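Nothing in this text is a laboratory measurement; each read-out follows from the coordinates by a stated rule. Source: prediction; values computed, not measured. Neighbour counts run over all protein chains shown; Cβ positions are idealised from the backbone, glycine included.
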Amino acid sequence: MARSLKKGFFIDDHLIKKVNDLNARDEKRLIKTWSRRSTIIPDMIGHTFAVHDGRKHVPVFVTENMIGHKLGEFAPTRTYKGHGGGLPERGTKLR
């Protein structure tokens, strides 16, 4: 179920504080975060976030098209490496 419009977007306090500090100083630095649930707002455009995916931090550069989405949507937690069925070993016959 979606969050109520009356409440507004959810953004972790520590994250919005970091973004506002960088905007006030006119700096662009990597912001490391574990907050996958935070919504992207217009103040975040142009910043790069290192979003944790469960084992490492994935860099996510925020653009205009991402506004309203969550940070976690751009850092997948699963890596698909394809199904089995690789090449057969040398010396085996194909049927």
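The computed Kirkwood radius over Cα pairs in Å for the structure shown corresponds, within (i) 13.8; (ii) 15.7; (iii) 13.3, to (ii).
The trypsin sites (Lys or Arg not before Pro) found in the range 1-84 that occupy coil by DSSP, while having at most 13 further C-beta atoms within 10 Å, are R3, K6, K7, K28, R29, R37, R55, K56, R78, K81.
DSSP beta bridges confined to the chain are antiparallel in about 60 percent of cases. Beyond 21 Å in Cα-Cα separation lie the following of the pairs K7/K70; K6/K32; K7/K28; K32/K70; K18/K70; K17/K70: K6/K32; K7/K28.
In loop segments of the range 27-90 as defined by DSSP, the chymotrypsin sites (Phe, Trp or Tyr not before Pro) with at most 10 further C-beta atoms inside 10 Å of their C-beta are Y80.
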